[in-house]
Each structure stands twice: as C-alpha cells, then as structure tokens.
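Worksheet: the structure to be examined is printed underneath.
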Amino acid sequence: MASLPHVVEDLGGVIQIFSDGSIRRHKLNDSIIMSVVKADISVTWKDYCYNKLHDLYLRIYKPKPITTTKLPVIYYLHGGGFCVGAFERAKYHNFCLRVSETLHVIVVAPNLRLAPEHRLPAAMDDALVALKWLQELATSTNPNGGQTFDDMWVGDHDVRDCFDFDRFCIFGDSSGGNIAHHLAMRLGPGSLELTPVKVRGYVMLTPFFGGMERTKSEEGLPEKALNVDVLDTFWRMALPVGKTLDHPFANPFGTESPSLELVKLDPILLIVGGDEIMKDRVKLYAEELKKLQKTMHYVEIEGKQHGFLTNESSSDVSE
C-alpha cells in the first residue's frame, strides 16, 4: 500500500512541499492589503499587465497632481526570499507610496513569479521582461505579451509623458537586491540594451545572498524571524533542485559565479541593518566591490534588523 504524501519542506506553514512534489501555499499570505501609510497620501497608482503568458502585473505609483512634468523613475523589486511577496502586500505598497510622495518620483513595482512553483531564474527573467515592457512604453509601441498602452492613466494626462527614462534607478529589497545584482551584471553601464531607458544606479537593501561557508553574523545574530534554518529553507525552495548555496544565483563569489573583476557596473548603494543576520555577507560583497574599484557606497544602520525600511516605512530612519 502506497504511503500518503508527507511534508518534506516547510516554510513556517506558509509554503509546504510534499513528497509527491505537490505544493501547498497559504492563500492569504500574498493577498493581505492593509491601510496605507496615511489616508490623505498624495500618490495615485494603477496596475498594468506586462506579461499575459504568466499573468504578471506591475504597479505604477505617481505623485499627485498628475501633470506632464517628467519625473525620475524608481524600479522597485520587492523581497520575500523569492518565495513570497507581491506589490499588494501592505509593507511593500506603503513603502512605494512613501518613496513616491517623499522623493516626488514615479515608482514601478512588478510582481514576479514565486518559488517553489517557479524556481530561479524565473523571477530574474520576469524582472528583465518588466524592464523591456517599460522600454516599449518609452518608445510608445505596444508591449509584447502585455497590456496595450491605450489606457495608461486616469485624468487628462498620459502617464507616458511623465516618465523621465533618462533618470532611472533600480531598487532591490532583499531577494530583490539579489535580482538587482544580476541585472547590474547583465545590463552593464547605462543599460544600453534598454535604450532609451537609462539606469543611473542601483540601491540594494540587504541583498539576499548565500554561501556554503557561514559568516559570523549568520552564526551569531539570529533575528526575531530569521535564522540560518529559515534562510536555508528559502534557498532550497528557490534554487534549481539539487543546487547548493554556492550556485551563482545565491553566491556572487561561488566557484561557478562569473568574475566581477572585468564587469563594468553602474554605481551601487548598499544599505544594511547593524543587527541583520545577513550583515556580514552584504559587507563582504561591499568589500569585494571596493577592492575591484567599483563605484559603491556602503551604509550600515545601527540597531536595525532585516527589512527595516519596508517594515518601518513611516519611521525616522526611513527618511
């Protein structure tokens, strides 16, 4: 008599993988929408399909009032260990609202396919496809496999007139920071393949990297919600089956990873909390970039843990 399927991987009950390969995902995890930062926030937003094949949407945030003044663009890649997360989640939505209003910029936040249903490089591929959609938006052609540009906003102005594609920054949060690293490697200085979209730099908030060799902070700085067991579970669910933490998707300095020495990169700002379990891994990344004479700035926020900018989007430190 065949045995019943049993759980072989469990991400805190949020995602479970069973012995027969089936996957159970908590239905409410990525659909919780809470109140915004404040009721009178002066930002409007709208969702657009950028990939019909995989039913993927991105959300565009724009400060009010809607005008034809061209605004810089921040391309925001959310966190969640490649396994959870969406722009609908309160902490990511509130963060994008705050950034758009405070910096007076357009924020574009794409949803990406999630592991383990869609293991890496699915999310990395989606992030590039969304950028290509924006490139087509910039050239006013119809996107391949996405929504047409006939209804690009509410009101009197076409949102396309508001994008300053020459002032474009990619902001990666946790696993989004990992994707930002791979985009920087792929696109190179000025992102020529995205012309007329011109990436001017990258902000990486604690990029989610891994490695078989533990760092001091991974061994000695367990956070309230994160420890190495949780991180390892994320990676086992996200990486191609059978691959280790030294795979290029996880470890930028793994034996199979492309060398950063000959790669030219746009400027990178690295931000990490002083009490983060991944602090030393991010610091190692920063030190290696500096050694290779890449344009990079490292900022460590004392006393903060993972995700502090999105978890505390209204706090003083987020200013």
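For region 264-277, the condition holds for no residue, the condition being that it is within 19 Å of the chain's Cα centre (by Cα), farther than 20 Å from ILE170 by Cβ and open to solvent by 10 Å² or more (accessible area, probe 1.4 Å). The test for being in a strand (DSSP E or B) and crowded, with 24+ Cβ neighbours inside 10 Å holds for TYR75.
Of all the numbered requirements in (1) out of contact with any Phe, Trp or Tyr (no Cβ under 8 Å at 6 or more places or on another chain); (2) of a type in the set (Gly, Ala, Ser); (3) on the phi < 0 side of the Ramachandran plot, GLY242 misses one, and that requirement is (3). Annotation: CYS96 fulfils all but one of (1) buried (at least 22 other Cβ atoms within 10 Å of the Cβ); (2) under 15 Å from LEU183 (Cβ atoms); the unmet one is (2). When LEU231, LEU269, LEU260, LEU226 are checked against the criterion of being hydrophobic (A, V, I, L, M, F, W, C) and either touching a Phe, Trp or Tyr at 6+ places or on another chain (Cβ under 7 Å) or in a strand (DSSP E or B) (or both), LEU269 stands alone in meeting it. The set of residues in region 189-208 that are part of a loop (DSSP other than H, G, I, E, B) and either open to solvent by 10 Å² or more (accessible area, probe 1.4 Å) or within 17 Å of VAL73 (Cβ to Cβ) (or both) comprises THR195, PRO196, VAL197, LYS198. For region 55-72, a residue qualifies if it is modelled with pLDDT of 95 or more and open to solvent by 70 Å² or more (accessible area, probe 1.4 Å), and the qualifying residues are ASP55, TYR57. Out of the residues in region 209-258 that are among the hydroxyl-bearing types (Ser, Thr, Tyr) and farther than 23 Å from GLY307 by Cα, which is surrounded by the fewest Cβ atoms within 10 Å (Cβ to Cβ)? Among those that are among the hydroxyl-bearing types (Ser, Thr, Tyr) and farther than 23 Å from GLY307 by Cα, it is THR255.
The values are calculated or read from the model by the stated rules, or taken from the named source; none is laboratory data. Just so it is clear, the structure is predicted and the values come from calculations on it, not from any experiment. So basically every Cβ, Gly included, is an ideal-geometry build from the backbone, and we count neighbours across all protein chains shown. Calculation scope for accessible area: heavy atoms of the full protein, side chains included, ligands and nucleic acids excluded. Shrake-Rupley method; radii C 1.70, N 1.55, O 1.52, S 1.80 Å.
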